[in-house]
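The values are calculated or read from the model by the stated rules, or taken from the named source; none is laboratory data. Keep in mind that this is a model prediction, so the values were computed, not measured. Cβ: placed from backbone, ideal geometry, glycine included. Neighbour counts: every protein chain shown. What goes into the accessible areas is simple: the full protein's heavy atoms, side chains included, and nothing from ligands, DNA or RNA. Shrake-Rupley method; radii C 1.70, N 1.55, O 1.52, S 1.80 Å.
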Amino acid sequence: MPFVEIDTNQYLYYEEYGQGIPIIFIHPPGMGNKVFYYQYDLSKHMRVIFPDLSGHGQSPKAAQTVSIPFYANEILRFMDALHLNKAIICGYSAGCLIAQELAIYHSDRIELLIFSGAYPIVRDMPGQLLHKIGLYMIREHLNILITSIARSHTRDKTLRRNLVNYMKKADQESWYQYYNHSLQYNCLDKLHRLTVPLLFMYGGKKDWTIRYMKEYKNKCKHAEFFIFTQQGHQLPTKKGIQFNELITGFVLNKSSL
């Protein structure tokens with residue numbers, strides 16, 4: 001799979017499968033593109049593109065400190081390098097923050113938005129505690145954190161091992177800064193600028209981000225919502241088949257690409 005030069009001496013690694021409607025998947029801190037392993041199957045219906053953000057997976061770390069706006073701009077330059085004027089963007093967890101930043105400031109480049117476990121701000125105590133523990137673990141007990149994340153995403157031992165090995169490739173400082181800026185990010189007063197067709201997916205009560213669904217419902221009247229009852233936050237890996245079915249239906253019904 002290729003690397004692409006998105007700026008002078010700045011490269012991103014990505015994997016790409018299928019043809020047709022382009023959909024770019026944005027991963028959360030640390031995980032790299034392997035968290036979307038089950039979404040490779042979507043290549044039967046569309047062109048699926050899985051970049052590793054700078055400092056993650058096989059992409060080299062950036063020359064500057066990363067942030068949500070930095071990564072949003074990186075995705076834009078990635079699209080330019082692939083000659084994509086428009087694409088569908090699918091974000092998972094903190095990857096949704098990057099997708100929101102893109103859509104708020106560059107809506108002309110976004111065809112559709114698909115969110116799994118989205119939040120516009122972290123203002124609840126459980127979410128803040130989760131982030132602060134994560135920041136501590138990145139600095140002090142990274143291997144324990146990696147194992148814990150892999151276990152929370154799948155029972156499949158092969159995939160779990162692949163997730164562990166891929167997370168170990170991440171640059172520790174990039175991981176920390178992505179996570180730290182996720183905790184600080186706030187686009188609550190800009191949600192009305194999410195004007196493209198939207199699909200939100202959440203786990204049930206076990207998903208800490210579901211408390212933010214009402215914010216999106218209040219300000220994004222055109223959005224569609226789906227809740228996986230009795231499920232947690234890790235929908236791309238734990239509900240891969242149903243997750244893919246929802247994406248396929250939404251894209252084929254809404255996209256004009």
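Find how much the distance from Asp41 to Arg193 grows on full extension, using 0.36 nm per residue of separation minus their present alpha carbon separation; answer in nm with one decimal.
Additional length available on full extension: 51.6 nm.
Quote the Stokes-Einstein diffusion coefficient, in whole µm² s⁻¹, for the stretch 28-166, based on the Kirkwood radius over alpha carbon pairs, a temperature of 4 °C and a viscosity of 1.567 mPa s.
D, rounded to a whole number, is 80 µm²/s.
Under a 1.4 angstrom probe, counting protein chains only, how are Asp124, Asp108 ranked by accessible area, largest first?
Largest to smallest exposure gives the sequence Asp108, Asp124.
Set the Förster radius R0 to 25 Å, insert the Cβ-Cβ distance between Asp7 and Asp108 as r into 1/(1 + (r/R0)^6), and round the FRET efficiency to 0.05.
0.75
Near Ala72, within a Cβ-to-Cβ distance under 15 Å, what is the net charge of the other residues, with Lys and Arg +1 and Asp and Glu -1?
Summing Lys/Arg as +1 and Asp/Glu as -1 gives -1.
Using the alpha-carbon centroid of each, what span in Å lies between the stretch 30-87 and the stretch 104-150?
Taking the Cα centre of the stretch 104-150 as reference, the centre of the stretch 30-87 is 16 Å away.
Please list 3J(HN,Hα) in residue order for the stretch 30-43, calculated via the Karplus relation 6.51 cos²θ - 1.76 cosθ + 1.60 where θ = phi - 60°; whole Hz, with x for glycine and proline.
Listing the rounded values in order: x, 7, x, 6, 5, 5, 9, 3, 6, 7, 4, 4, 5, 5 Hz.
Return the distance in nm (one decimal) between the two label points of a simple spin-label model at His141 and Lys206, each offset 7 Å from Cα along Cα→Cβ.
According to this spin-label approximation, the distance is 2.2 nm.
If I stretch the segment between Asn218 and Asn165 completely, what's the gain in nm (0.36 nm per residue apart, minus their alpha carbon distance), one decimal?
15.0 nm
Please give the charge dipole size of the chain, origin at the Cα centre, charges +1 on K and R Cβ atoms and -1 on D and E Cβ atoms. Round to the nearest 20 debye.
The calculation lands at about 900 debye.
Rolling a 1.4 Å sphere over the protein heavy atoms, what is the accessible area per residue of the stretch 19-58, to the nearest Å²?
27
Which of the trypsin sites (Lys or Arg not before Pro) found in the stretch 209-257 are in a DSSP loop and have at most 12 neighbouring Cβ atoms, other than their own, within 10 Å?
Here the sparse-neighbourhood loop sites are Lys221.
Rank Gly134, Gly95, Gly117 by mean-square fluctuation in a GNM of the chain with C-alpha springs under 10 angstrom and give only the top-ranked residue.
Gly134
So which trypsin sites (Lys or Arg not before Pro) in the stretch 122-207 pass both tests, a DSSP loop state and at most 14 other Cβ atoms within 10 Å of the Cβ?
Arg123, Arg155, Lys168, Lys205, Lys206
Can you give the helix-only mean residue ellipticity at 222 nm for the chain, where every DSSP H stretch with n ≥ 4 adds -39500 (n - 2.57) and the sum goes over all residues, rounded to the nearest 500 deg cm²/dmol?
Helices in the chain give a 222 nm mean residue ellipticity of -12500 deg cm²/dmol.
Determine the principal axes of the Cα atoms in the chain, then give the extent along each, sorted from largest to smallest and rounded to whole angstroms.
That works out to 46, 42, 36 Å along the principal axes.
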